[in-house]
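Notes follow the structure.
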Amino acid sequence: MSLLELPFDTVHLWCALTGEHDSAMAEPFALWMSEDERARYERFRLPRDKHQYLATRVLVRTTLSSYAAVPPAAWRFTANQHGRPEIYEPSGVEWLRFNLTNTNGLVACAVIRDGDVGVDAEDITRAGDAASLARRFFAPKEFADFQRAPDAATQRERFAAYWTLKEAYLKARGIGLSVPLEQIAFVLSDDMRDARIEADLSVSDGAESEWQFALLKATDRHLIALATKGTTRRSFGVHVRQGFPSPNGISQTDLGVPRPFGSGVL
Ligand SMILES: CC(C)(COP(=O)(O)OP(=O)(O)OC[C@H]1O[C@@H](n2cnc3c(N)ncnc32)[C@H](O)[C@@H]1OP(=O)(O)O)[C@@H](O)C(=O)NCCC(=O)NCCS
């Protein structure tokens, strides 16, 4: 099986749409799961939730197996103190870092060589009280920008942009929700192509200028934010791929450039 190359200066983002649960189809893939994962899988009651969880396991395992000669079932994971999954076994592939996200109808996995990466996806059409969430979790400047949006659709989109950027950044740092979210502020251009971060000293890693962010519209309703910081490189390209990598030789459809936002950011 030929492996994919992951250059130092590129983040690969795999996005797969998730459809209906088909238990017959799911069974072979469920065999890839570790005992812990299987127990969690069994705890989901709704077929839809089971399917979504399984999709994340299949995506992360097939994605990692696209870059290292390791069978999808052989990966074992551990988590840091805030819950960020990392590769535990096999050894020798510590260079391969990943992060995972899922939302209604979509799962995505970002991989990077060395470096830190975080990814977060949001279904823009999801019902929810954006205004009260924004009031609670956004920095004052973010909230003011959110309120300035000229119409409901733009407001919903800007809400999702700030939300996913914050989550992607927190996930890349692996610190979860251990910091006050309103102390991490993003400055976002009107066209959403440029996003930069301003963090209070109390939550800063002292490297704001080294972080890079991108927003991508994966489908009409799915917005994805990526946050990256390399150990040696400061400038990353993003390569977006659609679908699940095939474990028997890589076959995937390149999404082309579905990037109304973010091109040039990473
Ligand atoms: C867990 C969290 C890191 C992301 O959760 P989320 O956005 O609901 O869900 P996502 O699908 O995007 O991400 C979940 C995946 O991230 C990974 N993850 C979990 N903890 C993580 C951490 N501390 N750092 C990085 N990645 C983490 C896991 O792979 C997890 O999926 P899994 O448990 O199936 O393996 C955390 O930020 C959270 O609980 N958020 C709740 C929402 C919130 O209050 N957001 C306010 C932002 S403005």
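The numbers here are math on the coordinates, done by the rules we state, and not lab data. Quantities reported herein were computed from a predicted structural model and do not represent experimental measurements. In this analysis, Cβ positions are derived from the backbone assuming ideal geometry, glycine residues included, and neighbour counts consider all displayed protein chains.
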35 Å tail of the calculated P(r), region 10-254, as % of Cα pairs:
14 percent
In whole Hz, what ³J(HN,Hα) sequence does region 6-12 give by Karplus (6.51, -1.76, 1.60; θ = phi - 60°), x for Gly and Pro?
10, x, 4, 9, 9, 9, 9
As computed over region 104-245, the Cα convex hull volume per residue (Å³)
114 Å³
Around E42 (Cβ within 14 Å, Cβ-to-Cβ, excluding E42; K/R +1, D/E -1) the net charge comes to +1
Straight-distance crosslink candidates among aspartates and glutamates, where the alpha carbon sits under 18 Å from K141 and sequence neighbours closer than 8 are dropped
E157, E167, E182, D190, D191, D194, E198, D200, E208
Loop-resident GluC sites (Glu not before Pro) in region 5-106 with no more than 14 other Cβ atoms inside 10 Å, DSSP not H/G/I/E/B, are E5, E20, E94
Can you list the HN-Hα couplings for region 59-68, worked out from phi with the Karplus curve (6.51, -1.76, 1.60; θ = phi - 60°), rounded to whole Hz and with x for Gly and Pro?
5, 5, 5, 6, 5, 4, 6, 7, 10, 9
When Lys and Arg each count +1 and Asp and Glu each count -1, what net charge do the other residues less than 14 Å away from A172, Cβ to Cβ, add up to?
-2
In terms of modelled amide H atoms, which long-range or inter-chain residues lie less than 5 Å from the amide H of G243?
C15, A16, L17
Mean separation of Cα contacts under 8 Å (at least 6 apart) over the residue count of the chain, i.e. the relative contact order in percent, is 23 percent
Among A207, S246, I87 - extreme Cα towards positive end, dipole of the chain, charges at beta-carbon
S246
Angle between the chain longest axis and helix 152-173 axis [Cα atoms, degrees, rounded to 10]
60 degrees
List the aspartates and glutamates whose Cα lies under 13 Å from the Cα of K50, skipping any in the same chain that are fewer than 8 positions away.
E20, D22, E27, E37, E42
Trypsin sites (Lys or Arg not before Pro) within region 24-53, DSSP loop, no more than 15 other Cβ atoms inside 10 Å
R45
Using only helices, what value at 222 nm comes out for the chain when you add -39,500 (n - 2.57) per DSSP H run of length 4 or more and divide by the total residues, to the nearest 500 deg cm²/dmol?
-9000 deg cm²/dmol
Identify all lysines with a Cα-Cα distance to K171 below 17 Å; exclude those on the same chain that are fewer than 8 residues away in sequence.
K229
